[in-house]
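Only one structure is covered here, and it is reproduced in the block below.
The values are calculated or read from the model by the stated rules, or taken from the named source; none is laboratory data. All figures in this text were calculated on a predicted structure; none of them were measured in a lab. FYI the Cβ positions are ideal-geometry reconstructions off the backbone, even for glycines, and counts take in every protein chain you see.
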Amino acid sequence: MRLILAIWLGKLILFLTQFLKKGGGSAAPGLYALKIEPNLVSKLSRQIPQNIVITGTNGKTTTSRMLNHLVKSQNIKTLRNSTGSNLERGVASTLIASTDWLGQIRDFDLGIWELDEAAFNTVVFEIKPQIMVFLNAFRDQLDRYGEVDTVVKKWWESLEKVDWDPTLIVNGGDTNTATIHAVNEDEDNPLKCLSFRVKNHVLWHESSISLHEKEHSNKKEPLYAEFLAIIKKNLGLLGMVVSIEYPAGKVEINIPVPGIYHIYDFLAAFCVYYLLKLPINNLQKDLESFSPAFGRVEHIKVSDKDVYTFLIKNPAGANTVFETINPELKAGDRLLVALNDNLADGTDVSWIWDADFEILLGGKSIKELIETHFDYKSKPKKGTLFSDLKDNSKLKLEPIISGKRANDLALRLKYAGFDDKNFKIEPNLEEALNSATKDLDGRLFIFPTYTALLELQKILVQKGHKHQYWKE
Amino acid sequence: MKFSLTIGHLYGLQMNTYGDNGNIITLKKRCEWRGIDVAIKYITYVDEIKEGDYDLYFFGGGQDQTQALISRDLTGGFKDQVKKDVEKGVPLLSICGGYQLLGAYYQPQKGPKIGGLGIFPIYTTASSERMIGNLVIDLVSDGLEMIGKLVGFENHSGKTYLTEGGKPLGKVVKGFGNNGEDGTEGCVYKNAIGCYMHGSLLPKNPQLADWLIKRALEVKYGKKIELEPLNDGLENQAHEGIIKRFVD
């Protein structure tokens, strides 16, 4: 009865928020309904035949969107928390919107739930998913989550308490999530595990060395099925061709978006697709029609000029974006970088000093310049996967620097080797965009933080350069 | 005469979160812009330091788990030279976790005390309160007060208290500082500074960066040194911008 009451209340709030156009109804219905029926998520989600949860710092939305697109193309009916609302209330809101008035969920084959790194530890026991995906664990807004070590340790602790029989999919190329393999070994009845990685590429975290040493020094090599992507060809801003070796075979795929991180996201989706026993041969065609998550990589035309937007929100994500852009930069191109410090961006902007803006110019990051006398055997070589970085220091890039923290960002670029004589500092984003597109010869690359991206989308729609504000 | 400096980055491979590398970048660039040769080296577990190896030390923040391991190394005698160098006047900048580990000890919520190197007369206790936000201080320490204010960003749950003879770096204008209780921030001993200021600290406080470089050169070459002034327009603008937005 409580469940029905909670659903009715939730549906009422959903109706009101949509009717009054106050927010998209992605959090409030769940928030209040959970107060009436705290077990709402477990009662509703377990009616869905299969559930998948996806967690990690970067790529949750892209991965679940990509997966959703691929499985829907195979006529699987999916349900997912689509608007980036990845706490329990977001999951609850989606379920409330999809259930009938009596609390029955019908007509869905698969639930795809992206979960915040911390929310994972509670919500996973509500959903009890058949598949769990761990994408990566980077430093991201530490002021909100505590520390990366703790995030990974909490995942282990949660996995040790798992009393059903899920399959884990972990990023074996991330030195933090790779430790999750080890959970496998602990039990008499080990969790099944799939691991994916990109050949010759490691997402390296120095801090995870201690995790490995301390917790796993006495453990045997864990067993898992491996999915390996080998990069065959870099198509620049058009994406790349990869060959994927998986337990039953090998397939060549053209990933139509740039950036190494998209290979990881795709691999995660591929592993799920494989577990669901869907036909691998159909993947390529379906992937072609995939558009990446809102704004994370976006190409539009402004007065016939190409404008590319890449979200940057933490050092690891920013570095992969910079590695993608470095070989692309040409004379006449411009950069617009915007840094905000709103809650959704993280109020601490220190992270820009951990992001290697030097990569854009082809310079060395500070970590590479510091001498060390001992050999880090597994430390990967820096540079892009495809080639050495290109020297862009002679290009007159004239960065336009914007956002609430434009001053901090300007300093960062100066110390990264950009010539500050060519800086335009314009905290107002609309002015910055005007200035960036005025008399533009080449292309414009925009790197905004999260709230700057939202603001930018609004401006582009108002100016008629884009039709839709939020494409979900 | 061509000057040169060697900067030792204490446990830089383990302790490098919260943008503290920005301090290293800043020291390096500001030396290079003046034609001062600079080498930066990581100092890690078990590394023994010899007299004269380093002219300036940096010790940043890191994750709790790593700090216990570092404590064992620090208290195991491997880094006693750092203490001797500081006595001699070699400048040092430590932040957050690094600052705590150079005090007497850190008392976690559970478990035994984590020993420090004992350079600063301070101790730190864990609290359940996370002190996060922009931090602005007035410098009160002798020889530094002419710099005026420092701006940074703090993020810690450890509360640090000065013990007898401990001199604070500054007085909190905005934020929590050492413990959120007594209005002090950081500690100074000779030319060694400990504080809770991430941000990164030195890019937006170029005068402090130059103070460290100048002191390092003076101790190394044994004479008074004046640094060539740099164009700090952007640096000062960023510094003032924080004060304007969060204090005025």
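Residue-wise test of (1) within 14 Å of chain A (Cβ to nearest Cβ); (2) crowded, with 20+ Cβ neighbours inside 10 Å; (3) more than 24 Å from A:ARG139 (Cα to Cα); (4) of a type in the set (Val, Ile, Thr).
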| residue | (1), (2), (3), (4) |
| --- | --- |
| B:TYR99 | no, yes, no, no |
| B:ILE119 | no, yes, yes, yes |
| B:GLY143 | no, no, yes, no |
| B:HIS156 | yes, yes, no, no |
| B:GLU164 | no, no, yes, no |
| B:GLU185 | no, yes, yes, no |
| B:VAL188 | no, yes, yes, yes |
| B:ALA192 | no, yes, yes, no |
| B:PRO206 | yes, yes, yes, no |
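Would you mind listing the strands (runs of 3 or more DSSP E) fully within segment A:210-326 where at least 2 residues are charged (D, E, K, R) and modelled with pLDDT under 85?
none
What is the one condition in (1) touching a residue at least 12 places away in the same chain (Cβ under 8 Å); (2) more than 21 Å from A:VAL272 (Cα to Cα) that A:GLY56 does not satisfy?
(2)
Taking segment A:9-41 on its own, how many of its residues are part of a helix (DSSP H, G or I), surrounded by fewer than 16 Cβ atoms within 10 Å (Cβ to Cβ) and modelled with pLDDT of 90 or more? Break it down into steps so the answer makes sense when it comes.
The initial filter retains those residues of segment A:9-41 that are part of a helix (DSSP H, G or I), namely A:9-19, A:28-36, A:40-41.
Still in the list and also surrounded by fewer than 16 Cβ atoms within 10 Å (Cβ to Cβ): A:12, A:15-16, A:18-19, A:35.
The next check asks that each one be modelled with pLDDT of 90 or more; those that pass are A:12, A:35.
The total comes to 2.
May I ask you to verify whether B:GLY60 is closer than 19 Å to A:TYR415 by Cβ, facing chain A (nearest Cβ under 8 Å) and surrounded by 24 or more Cβ atoms within 10 Å (Cβ to Cβ)?
Values: closer than 19 Å to A:TYR415 by Cβ: yes; facing chain A (nearest Cβ under 8 Å): no; surrounded by 24 or more Cβ atoms within 10 Å (Cβ to Cβ): yes.
No: the conditions fail for B:GLY60.
Mind listing whichever residues of segment B:1-50 are among the charged types (D, E, K, R) and within 17 Å of B:ASP85 (Cβ to Cβ)?
First pass over segment B:1-50, keeping only residues among the charged types (D, E, K, R): B:2, B:20, B:28-30, B:32, B:34, B:37, B:41, B:47-48, B:50.
Listed by number, the residues that qualify are B:LYS41, B:ASP47, B:GLU48, B:LYS50.
Just name the residue that is modelled with the lowest pLDDT out of those in segment A:328-375 that are in a loop (DSSP other than H, G, I, E, B) and among the hydrophobic types (A, V, I, L, M, F, W, C). Outline the logic, then answer.
Initial filter on segment A:328-375 (in a loop (DSSP other than H, G, I, E, B)): A:329-333, A:339-342, A:346-349, A:354-357, A:362-365, A:370, A:372-375.
Going one step further and asking which of them are among the hydrophobic types (A, V, I, L, M, F, W, C), we end up with A:329, A:331, A:339, A:349, A:355, A:357, A:370, A:374.
Details: A:LEU329: 93, A:ALA331: 93, A:LEU339: 97, A:VAL349: 94, A:ALA355: 93, A:PHE357: 96, A:ILE370: 77, A:PHE374: 49.
For segment A:328-375, the residue satisfying everything is A:PHE374.
Pairs under 8 Å by beta carbon, first residue more than 18 Å from B:ASP73 (Cα to Cα) and more than 8 Å from every other protein chain (Cβ to nearest Cβ) in segment B:37-56, partner among the small types (Gly, Ala, Ser) and buried (at least 16 other Cβ atoms within 10 Å of the Cβ), six or more apart or different chains?
B:ASP53/B:GLY8; B:TYR54/B:GLY8; B:ASP55/B:ALA216; B:LEU56/B:GLY8; B:LEU56/B:ALA216
Being of a type outside the set (Gly, Ala, Ser), in contact with a helix residue (DSSP H, G or I) (Cβ under 9 Å, 6 or more places away or on another chain) and surrounded by fewer than 17 Cβ atoms within 10 Å (Cβ to Cβ) is the requirement here; does B:LYS50 meet it?
Values: of a type outside the set (Gly, Ala, Ser): yes; in contact with a helix residue (DSSP H, G or I) (Cβ under 9 Å, 6 or more places away or on another chain): yes; surrounded by fewer than 17 Cβ atoms within 10 Å (Cβ to Cβ): yes.
When the stated conditions are applied, B:LYS50 passes them.
Find all pairs meeting these conditions: Cβ atoms under 7 angstrom apart; at least six residues apart or on different chains; first residue within segment A:444-472 and closer than 18 Å to A:LEU343 by Cβ; second residue modelled with pLDDT of 90 or more and surrounded by fewer than 18 Cβ atoms within 10 Å (Cβ to Cβ).
That search, which allows pairs on different chains as well, returns A:THR451/A:ASN342.
If a residue must be aromatic (Phe, Trp, Tyr) and away from chain A (no Cβ under 14 Å), how many such residues does segment B:213-248 contain? Spell out how you get there, then give the answer.
Taking segment B:213-248 as the starting set, the residues that turn out to be aromatic (Phe, Trp, Tyr) are B:221, B:246.
Those left that are additionally away from chain A (no Cβ under 14 Å): B:221.
Looking only at that region, the number is 1.
Only one of (1) within 24 Å of A:LEU311 (Cβ to Cβ); (2) surrounded by fewer than 16 Cβ atoms within 10 Å (Cβ to Cβ); (3) of a type in the set (D, E, K, R) is not met by A:ASP100, so which one is it?
Answer for A:ASP100: the failing condition is (1).
Go through B:LYS79, B:LYS41 for me and flag whichever is basic (Lys, Arg) and more than 14 Å from B:GLY118 (Cβ to Cβ). Outline the logic, then answer.
Details: B:LYS79 fails: more than 14 Å from B:GLY118 (Cβ to Cβ).
On inspection, the qualifying residue turns out to be B:LYS41.
Looking only at residues that are among the β-branched types (Val, Ile, Thr) and either over 13 Å from the mean Cα position of the chain (by Cα) or more than 15 Å from A:ASP116 (Cα to Cα) (or both) in segment A:57-86, which one is surrounded by the fewest Cβ atoms within 10 Å (Cβ to Cβ)? Write out each step before concluding.
So the first thing to find is which residues in segment A:57-86 are among the β-branched types (Val, Ile, Thr), and the list is A:57, A:61-63, A:71, A:76, A:78, A:83.
Imposing the further condition that a residue be either over 13 Å from the mean Cα position of the chain (by Cα) or more than 15 Å from A:ASP116 (Cα to Cα) (or both) reduces the set to A:71, A:76, A:78, A:83.
Numbers: A:VAL71: 22, A:ILE76: 15, A:THR78: 19, A:THR83: 18.
Here the answer is A:ILE76.
Which numbered condition trips up B:GLN107, out of (1) facing chain A (nearest Cβ under 10 Å); (2) surrounded by fewer than 18 Cβ atoms within 10 Å (Cβ to Cβ); (3) not charged (D, E, K, R)?
Going through the list (1) facing chain A (nearest Cβ under 10 Å); (2) surrounded by fewer than 18 Cβ atoms within 10 Å (Cβ to Cβ); (3) not charged (D, E, K, R), B:GLN107 breaks only (1).
Looking at (1) in a helix (DSSP H, G or I); (2) surrounded by 14 or more Cβ atoms within 10 Å (Cβ to Cβ), which is the only condition A:GLN47 fails?
(1)
Hey, could you check segment A:430-466 for residues that are among the charged types (D, E, K, R) and in contact with a helix residue (DSSP H, G or I) (Cβ under 9 Å, 6 or more places away or on another chain) and say which is surrounded by the fewest Cβ atoms within 10 Å (Cβ to Cβ)?
Pass one, segment A:430-466, residues among the charged types (D, E, K, R): A:430-431, A:438-439, A:441, A:443, A:455, A:458, A:463, A:466.
So of that shortlist, the ones also in contact with a helix residue (DSSP H, G or I) (Cβ under 9 Å, 6 or more places away or on another chain) come out as A:430, A:443, A:455, A:463, A:466.
Values: A:GLU430: 15, A:ARG443: 17, A:GLU455: 20, A:LYS463: 13, A:LYS466: 20.
Ranking the candidates gives A:LYS463 first.
Based on this model, can you work out whether B:PRO91 counts as modelled with pLDDT of 95 or more and farther than 19 Å from B:TYR54 by Cα? Let's see the steps before the verdict.
Details: modelled with pLDDT of 95 or more: yes; farther than 19 Å from B:TYR54 by Cα: no.
Here the answer is no, as B:PRO91 does not meet what is asked.
Give me a count of the residues in segment B:1-16 that are of a type in the set (Ser, Thr, Tyr), assigned to a strand (DSSP E or B) and within 18 Å of B:ASP73 (Cα to Cα).
0
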